[in-house]
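Throughout, read-outs are computed from the coordinates displayed, never taken from laboratory work. Since the model is a prediction, treat every value here as computed from it, not as a measurement. For neighbour counting, all protein chains shown are included, and Cβ atoms are generated from backbone atoms with ideal geometry for every residue, glycine included.
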Amino acid sequence: MLSLHECDTYHNNLGVPMLSFVRTLSVSAFVLWSLIAVAQVREPENVLPASVLLPPAQFLSSYRLGAGDVVSIRVFGEDDLSIEKVRLTDGGSIFMPNLGELVVRGKTLGEVEKMVVEGLSGRILINPKISVSVDEYRPFFINGMVDKPGGYPFQPGLTIRKAASLAGGFKERASLNKLFVIRGDDPQQRQYKVELNTPIYPGDIVTVEESFF
């Protein structure tokens, strides 16, 4: 039988590891709670704003020209003032007879038409009739888990699904839940998560990530 002094010593010695265990458990619980709280307030993944997902016809009517696009500008009845299938320079400009270099990058076809009309009116023609068209759009790019990544000619009505088909289709380990796009006209080059039916536009960069499960 233990004496009173021995009992006190035994209980005191038992209390030291027990206290350490309780403290460790409390710290672990606090860390776990902190991780859960951080996960709950973590910023959501970028999702392409609905306002950017324009139907192809609506997008093309408001399409803004960029370097690499090929355009034709016809002045009716004045072939010597017209240009056919001219590619925009890296600076986004074209050269027109009697008008010189015109910077058209970032402008719609209607805005280019107005610019040419204003330039020709008065000193060259009284009432010029102008038409502006895009003969070839700058390419889009697709990389990641597709058979043939690279740049491809843009076609009106393209979606992520159709773009992947042009690139030879998705690879076996492609993740259809990890599809991303950087819009060609986005100066901040932000990457957004998209879906298979999301429209693709000239200059866009599509990334198909790998699935690990």
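Summary of computed values
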item: Over 21 Å between alpha carbons, listed pairs Lys107/Lys193; Lys85/Lys162; Lys85/Lys129; Lys85/Lys148; Lys107/Lys148; Lys107/Lys178; result: Lys107/Lys193; Lys85/Lys162; Lys85/Lys148; Lys107/Lys148; Lys107/Lys178
item: Cβ crowding within 10 Å averaged over residues, with 78-87, 115-124 ranked highest first; result: 115-124, 78-87
item: Full-stretch length increase - Glu195, Val103 - with 0.36 nm per residue and alpha-carbon distance subtracted; result: 29.6 nm
item: Viscosity 1.567 mPa s, temperature 4 °C, Stokes-Einstein D of region 155-213 from Kirkwood C-alpha radius, µm²/s; result: 110
item: Residues Ile126 and Glu84, FRET efficiency given R0 of 22 Å [Cβ-Cβ distance, rounded to 0.05]; result: 0.40
item: Peptides 185-191, 169-175 ordered by average Cβ neighbours within 10 Å, highest first; result: 169-175, 185-191
item: Charge tally in the Cβ shell below 10 Å around Lys107, where Lys, Arg are +1 and Asp, Glu are -1, Lys107 excluded; result: +1
item: Protection-proxy order for peptides 107-114, 156-163, each taking the mean of Cβ atoms within 10 Å per residue, highest first; result: 156-163, 107-114
